[in-house]
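Encoded as structure tokens, the structure appears first; notes follow it.
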Amino acid sequence: MESARIYGEFRHTVDAKKRLALPAKIRDNMSETMILVGSIFSSCIALYPLNEWEKFEKKLEALSETDGILARRKIYSRLCEVTCDAHGRIVIPQNLYDYAHLQRDVIIIGVGSFAEIWDSELWANEQIEEDKPEIIDILRKANF
């Protein structure tokens, strides 16, 4: 599978059994087995196609034992493999559901090579608090 092109914003709900239907545009860019992991950058859950996760994992495993052990503990303890059921749903484990403060209404966003699952209220707050001049500076430094 080549690199995923995951983008867009999708509003969905999580049912009482912690099942989340993935939008077709997200599902189509995922592998059969996907990696669900608590984000180290925000209070959300990252959803990776297996091949994209393997790229990240190689970098993680390349860290020295002293530098990498804390990162690996945090990441691997909040990680699980998932597959879609016949209805295109994944089950979000309780620990990740709690980590991301998910409620019934969620937002799934594409982030290029992976997706993020946000509680809809937290995502709205993230949009309000976003430091747009900082983003512009980052893009300018990268010659955009």
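The values are calculated or read from the model by the stated rules, or taken from the named source; none is laboratory data. These figures come from a predicted structure and were not determined experimentally. As a convention, Cβ positions derive from the backbone with ideal geometry for all residues, glycine included, and neighbour counts pool all protein chains shown. We work out accessible area using only protein heavy atoms, side chains counted, and drop any ligands, DNA or RNA first. Shrake-Rupley method; radii C 1.70, N 1.55, O 1.52, S 1.80 Å.
What tally of residues in the stretch 1-20 results from selecting those that are within 17 Å of Gln94 (Cβ to Cβ), open to solvent by 50 Å² or more (accessible area, probe 1.4 Å) and either assigned to a loop (DSSP other than H, G, I, E, B) or in contact with a Pro (Cβ under 6 Å, 6 or more places away or on another chain) (or both)?
2
Hydrophobic (A, V, I, L, M, F, W, C), open to solvent by 50 Å² or more (accessible area, probe 1.4 Å) and out of contact with any Cys (no Cβ under 8 Å at 6 or more places or on another chain): is that true of Ala71 in this structure?
So Ala71 fails the test.
Regarding the stretch 21-30, can at least one residue be identified that is part of a strand (DSSP E or B), open to solvent by less than 10 Å² (accessible area, probe 1.4 Å) and under 18 Å from Trp123 (Cα atoms)?
no
What are the residues in the stretch 31-68 that are open to solvent by less than 90 Å² (accessible area, probe 1.4 Å), assigned to a loop (DSSP other than H, G, I, E, B) and either touching a strand residue (DSSP E or B) at 6+ places or on another chain (Cβ under 7 Å) or of a type outside the set (A, V, I, L, M, F, W, C) (or both), if any?
Listed by number, the residues that qualify are Ser31, Thr33, Ser39, Ser42, Ser43, Cys44, Ser64.
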